[in-house]
1. What's the number of the condition residue 38 fails, among (1) loosely packed, with under 14 Cβ neighbours inside 10 Å; (2) among the small types (Gly, Ala, Ser); (3) modelled with pLDDT of 75 or more?
2. Being surrounded by 14 or more Cβ atoms within 10 Å (Cβ to Cβ) and at pLDDT 80 or above is the filter here, so list the residues in the stretch 59-80 that pass it.
3. When you look at residue 5, is it modelled with pLDDT under 70 and basic (Lys, Arg), yes or no?
4. Consider only pairs whose beta carbons are under 8 Å apart and that are at least six residues apart or on different chains; among these, list those whose first residue lies in the stretch 25-49 and is basic (Lys, Arg) and whose second residue is in a helix (DSSP H, G or I) and surrounded by fewer than 13 Cβ atoms within 10 Å (Cβ to Cβ).
5. Does residue 56 satisfy the criteria of being of a type in the set (A, V, I, L, M), more than 16 Å from residue 25 (Cβ to Cβ) and modelled with pLDDT of 85 or more?
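The values are calculated or read from the model by the stated rules, or taken from the named source; none is laboratory data. Quick caveat, the model's predicted, so the values are computed rather than measured. All Cβ positions, glycine included, derive from the backbone under ideal geometry; neighbour counts span all protein chains shown.
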Amino acid sequence: MHVLKQIMKGINRPRPNEAGNDIEPYLKKALKEVGYTATTPKTTSGKQKPTGYLDIEFTDKKGRINYIECYCCPNKPGHL
């Protein structure tokens, strides 16, 4: 996928969770490229919330709703 090439160029951020935030639009675009519907999940009040858990809600080709959490960790020995 074209969008994954953009991600593979690298994302440099001071905090790992910020890199996870940067990945979200690319991942949404990639899901849409393969025919899924991808959005920001709604809160219990029905509003779309761009922060918090979970990051992406997508509906697959069978109509199932799925959720993705974008998480990154530092590239340090012994981390995770």
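1. Exception for residue 38: condition (1).
2. Those that are surrounded by 14 or more Cβ atoms within 10 Å (Cβ to Cβ) and at pLDDT 80 or above: 59, 68.
3. Spelling it out, residue 5 is indeed modelled with pLDDT under 70 and basic (Lys, Arg).
4. Close Cβ pairs satisfying both conditions: none exist.
5. Here the answer is no, as residue 56 does not meet what is asked.
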